[in-house]
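Input: a single structure, listed below in structure tokens.
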């Protein structure tokens, strides 16, 4: 037995890996990273079935608070952005096609706003606003050992932390998307009255002609899927913080950038799938 | 080097380490360590900063997964991702972190009631019972009623640590883990903290692991401390015994 303490643990390092070992390690890390990403959401969803009514009550309260922070508190911002985007869209359409009548404007509002802009812009706004907040909050919790403290008390971090944020973000984005579409159409209509004075009936006719039954699953798939992404990715990156507070802003920034990228990619995939299913001509 | 107590016929009831190794990246913390802490016994860990005492403590509590080997708590393999599994099997862990690790978006009282509310069915508690038990635990560690609704940001370091002890007490744990519980405390709080730790360590139903560098606490507990040396556990004499030599 050695008489002296402390010893330098850093002298007990493993041997330096070879280049091939480093490549293997990088590949392993990548696949592990992806599996951890999937695991974050999967364990949250599975835990909701495993745990009792008391635990579900606790989580329901947090989910409602998340809807308040992510959904209700974002209404003003979504209103302003929706009105401005709807108005801008009509100005651009009028500039490019001055002869476009009310029906055409209605078609454009539905095709562009309802199908594309509303889900995507809402998801991006919520990512910027709440995604950062979620990733930062969870990162700080991780760095301050609060997540470990939850685990020590027998509370599943995935159930207590991830699930309510996943539900809260999904519900918020879904509802805010409907609201965004409504406000953007309102803004577009208001601007069109100023520059082209089309009748409301003509716009309504164009919108009704363009709207299909298939728009409902498209809308739900987009808004629901994007909402889940907005809740899921920031949680994952926030919980990826190990122990240093300096990792928190890094992971928060990574969460927002990757979440926005994932939202755009998801939107593209669903749009492509939708038109492949509905088929040309696109109305 | 001497290994800590290994008691094969009692295995599965306390804390078991079977050839456990742990690396932090490239850094070796534990090298194929095997030991057993029988139910109701205590293990005291001491040593210099940065050798991995807190890591070993978290491995004991099942909060970390070993790089290789197996840990068992009350005979059950812990899953850091699903800690509720252990709770369902009757393992009640009370863990006092170095800096308290209180949830910052909750008051002191809410920090204590959280786990009680979450496991209300298993613990057989209703709203009134939860509140009474949480308040009782806070009063037991000398928290002022005025601080019950204060957020951790407005509490001093010593009070935060005592709230963390109350949070552990409230669960009526059968496994307790203290990570440097006596740092940064005034003499009165220190005395109170040592009383609580001693009570846990003397309780035959509670298995305790205490990380400390406080000679007085080690002597008071009367349990020979262990230190991490080159990734292995070695037994040291009690501070009072060192003095006699």
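Our estimate of slack between residue B:220 and residue B:105, defined as 0.36 nm per intervening residue step minus the Cα-Cα distance, is 37.8 nm.
Using every pair of separate Cα atoms, the Kirkwood estimate puts the hydrodynamic radius of segment B:86-147 at 12.7 angstrom. Computed from the alpha carbon positions, the gyration tensor of segment A:96-211 leads to an equivalent ellipsoid with semi-axes of 45, 13, 9 Å, biggest first. Each DSSP beta bridge with both residues in the protein assembly as shown is either parallel or antiparallel, and the antiparallel ones are about 55%. Shape annotation for the protein assembly as shown: C-alpha extents along the principal axes are 102, 60, 36 Å, from largest to smallest. Considering helices alone, the calculated mean residue ellipticity of chain B at 222 nm is -10000 deg cm²/dmol, with DSSP H runs of length four and up weighted by -39500 (n - 2.57) and normalised per residue. Dimensions of segment B:54-116 along the principal axes, based on C-alpha atoms and rounded to the nearest Å, stand at 39, 25, 16, largest first. Shape analysis of segment B:78-199 yields a ratio of the Cα radius of gyration to the Kirkwood radius, Rg/Rh, of 0.95. Once the Cα atoms are used to define both axes, helix A:75-96 deviates from the longest principal axis of chain A by about 50 degrees. Taking every alpha-carbon pair within segment A:100-152, the share separated by more than 14 Å comes to 69 percent. Each listed q (0.11, 0.14 Å⁻¹) maps to a log10 I(q)/I(0) for segment A:136-283 from the Debye sum over equal C-alpha point scatterers, namely -0.61, -0.82.
Can you tell me the orientation of helix A:215-239 relative to chain A, as the angle in degrees between its alpha-carbon axis and the longest Cα principal axis, to the nearest 10? Helix A:215-239 and the main axis of chain A meet at about 30 degrees. With N as its number of residues, segment B:200-245 has a Cα radius of gyration that, divided by 2.2 N^0.38 Å, comes to 1.24. Against chain A, whose longest principal axis comes from its Cα atoms, helix A:132-143 is set at around 10 degrees.
Could you compute the FRET efficiency for residue B:127 and residue A:140, with r as their C-beta to C-beta distance and R0 at 22 Å, rounded to 0.05?
0.15
Semi-axes of the equivalent ellipsoid for chain A, computed as √(5λ) from the eigenvalues of its C-alpha gyration tensor and ordered from largest down, come to 46, 21, 17 Å.
Quotient of the Cα radius of gyration of segment A:163-208 and 2.2 N^0.38 Å, N being its number of residues: 1.64. Evaluated at q = 0.23 Å⁻¹, a Debye calculation over the C-alpha positions of segment B:133-245 (equal weights, vacuum) places log10 I(q)/I(0) at -1.34. Rounded to the nearest whole angstrom, the semi-axes of the ellipsoid equivalent to chain B, taken from the Cα gyration tensor as √(5λ), stand at 29, 22, 16, largest first.
P(r) for segment A:1-158, from all Cα pairs and a bin width of 5 Å, is 1, 6, 8, 11, 11, 10, 10, 10, 9, 8, 6, 4, 2, 1, 1, 1, 0, 0, 0 %, short bins first. Once you reduce segment A:32-53 and segment A:220-283 to the center of their Cα atoms, the two points are 18 Å from each other. Calculated [222 nm] ellipticity per residue, helices only, for chain A: -25000 deg cm²/dmol; basis is -39500 (n - 2.57) per DSSP H run with n ≥ 4, divided by all residues, nearest 500. Taking the three principal axes of the alpha carbon atoms in segment A:40-100, the coordinate ranges are 62, 24, 17 Å, sorted in descending order. The label-point distance for residue A:50 and residue A:77, in a model that sets each label 7 Å from Cα toward Cβ, rounds to 3.4 nm. Calculate the translational D of segment A:236-283 in whole µm² s⁻¹ from Stokes-Einstein, where the hydrodynamic radius comes from the Kirkwood formula applied to all Cα pairs, the temperature is 4 °C and the viscosity 1.567 mPa s. Rounded, D is 100 µm²/s. Each DSSP beta bridge with both residues in chain B is either parallel or antiparallel, and the antiparallel ones are about 50%.
Put in line by how crowded their Cβ is, counting other Cβ atoms within 10 Å and starting with the fewest, A:248, B:165, A:278 read A:278, A:248, B:165.
Taken over the alpha carbons of segment B:128-185 as equal point scatterers, the Debye sum produces base-10 log I(q)/I(0) values at 0.24, 0.25 Å⁻¹ of -1.04, -1.10. Divide the volume of the convex hull around the Cα atoms of segment B:1-121 by the residue count and you get 139 Å³ per residue.
Relative to the current alpha-carbon distance between residue A:38 and residue A:246, full extension at 0.36 nm per residue lengthens the span by 72.4 nm.
Read the figures in this text as sums done on the coordinates, not as results from a lab. All figures in this text were calculated on a predicted structure; none of them were measured in a lab. Methodologically, a virtual Cβ is constructed for each residue, glycine included, from the backbone with ideal geometry; neighbour enumeration extends over all protein chains shown.
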